[in-house]
1. Hey, can you tell me all the residues within segment 44-58 that are of a type outside the set (S, T, N, Q) and closer than 15 Å to residue 24 by Cα?
2. For residues that are polar (S, T, N, Q) and in a loop (DSSP other than H, G, I, E, B), scanning just segment 18-44, find the one that is most open to solvent (accessible area, probe 1.4 Å).
3. When segment 1-17 is examined, which residues are found to be outside any loop (DSSP other than H, G, I, E, B) and under 15 Å from residue 41 (Cα atoms)?
4. For segment 5-17, how many residues are open to solvent by 70 Å² or more (accessible area, probe 1.4 Å), at pLDDT 95 or above and not charged (D, E, K, R)?
Amino acid sequence: MKKIIAKIDFTTNIDNYIAGDEITGLTYEQIVKLNEQGFIEPLEYRDLVLIKRELENNKKIKEEL
């Protein structure tokens, strides 16, 4: 999965981030919202689709266990 990097300093309900930090543990919806608002390095549509697929695959694997 492409790394999600903070573009500016901001706070979420999960943690505080400083520009340049790698962000992990977010849902697809949170990633899209941060991308739309310009809080993270810009992600193209292709990147978002790949992230969504990977998150869904991880969820399916956890459900099988």
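The values are calculated or read from the model by the stated rules, or taken from the named source; none is laboratory data. All values reported here derive from a predicted model rather than from experimental measurement. The protein model used for the area step is the full one, side chains on, heavy atoms only, and it has no ligands, DNA or RNA in it. Shrake-Rupley method; radii C 1.70, N 1.55, O 1.52, S 1.80 Å.
1. 48, 51, 52, 54, 55 - these are the residues of segment 44-58 that are of a type outside the set (S, T, N, Q) and closer than 15 Å to residue 24 by Cα.
2. Among those that are polar (S, T, N, Q) and in a loop (DSSP other than H, G, I, E, B), it is 24.
3. Start the filter on segment 1-17 by keeping residues that are outside any loop (DSSP other than H, G, I, E, B), which leaves 5-6, 10-11, 16-17.
5, 6, 10, 17 - these are the residues of segment 1-17 that are outside any loop (DSSP other than H, G, I, E, B) and under 15 Å from residue 41 (Cα atoms).
4. 1
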